[in-house]
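First comes the structure, then the notes that go with it.
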Amino acid sequence: MSEVSIFDKIIAKEIPADIVYEDDWVLAFNDINPQAPVHVLVIPKAKIPGFSSLADQEAVQVGEFIKRISQVANKLGLDPDGYRVVFNQGKHGQQSVNYIHAHILGGKQLSWPPG
Ligand code: 5GP
């Protein structure tokens with residue numbers, strides 16, 4: 001049994017979040033410390049601890065999650081100019097919350113490479 005993370009509490013509506021999209025598969029909400037004009041986190045309702053664990057998931061779960069990330073980015077109006085989707089994994093990836101989350105970053109010209 002994995003630890004209860006802040007995102008477990010957001011899913012359970014025990015703590016508030018600025019929700020931009022929700023359905024049976026995912027919850028998407030604004031990051032509390034945005035790194036771009038648009039910075040939204042997308043998390044699956046069925047908990048997955050991190051990107052590494054996607055390898056153990058049913059294809060339908062992975063597919064519906066990735067599909068929703070694309071849908072949320074489109075709904076946010078980011079598609080014409082582009083945007084970035086980031087999964088931080090583990091220590092070297094600087095993952096700070098052990099509940100998988102896609103960062104959608106956009107609304108400005110982003111730089112590359114990341115640090
Ligand atoms: P990580 O570093 O794990 O990839 O990203 C975690 C993200 O969650 C960070 O960008 C951080 O700002 C965000 N975050 C942490 N706690 C909260 C919270 O309570 N509410 C919201 N909306 N975002 C949070």
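The values are calculated or read from the model by the stated rules, or taken from the named source; none is laboratory data. Please read these numbers as outputs of a predicted model, since none were measured by experiment. Methodologically, a virtual Cβ is constructed for each residue, glycine included, from the backbone with ideal geometry; neighbour enumeration extends over all protein chains shown. Note: areas computed on protein heavy atoms with side chains; ligands, DNA, RNA excluded. Shrake-Rupley method; radii C 1.70, N 1.55, O 1.52, S 1.80 Å.
Observations on the structure shown:
- Net charge dipole size for the chain [Lys, Arg +1 and Asp, Glu -1 on Cβ; Debye, nearest 20]: 240
- The H on the amide N of residue 5, modeled in the peptide plane, is under 5 Å from the matching H of no residue at least 5 residues off or on a different chain.
- Accessible-area composition of the chain, carbon plus sulfur, in percent [1.4 Å probe]: 51
- Rg/Rg_globular for region 6-106, with Rg_globular taken as 2.2 N^0.38 Å and Rg from C-alpha atoms: 1.01
- Among 88, 62, 103 the positive-end extreme of the charge dipole of region 6-106 (Cβ point charges): 88
- In sequence order, calculated HN-Hα J values of region 33-45 (Karplus, 6.51, -1.76, 1.60; Hz; x Gly/Pro): 10, x, 9, 7, x, 10, 9, 10, 9, 10, 10, x, 5
- Rounded to the nearest 10 degrees, the angle from helix 59-75 to the longest Cα principal axis of the chain is 30 degrees.
- Note that the chain presents 61 Å² accessible area per residue, ligands and nucleic acids not counted, probe 1.4 Å.
- In region 6-106, taking the dipole from charged Cβ atoms about the Cα centre, the farthest positive-side position among 46, 7, 76 is held by 7.
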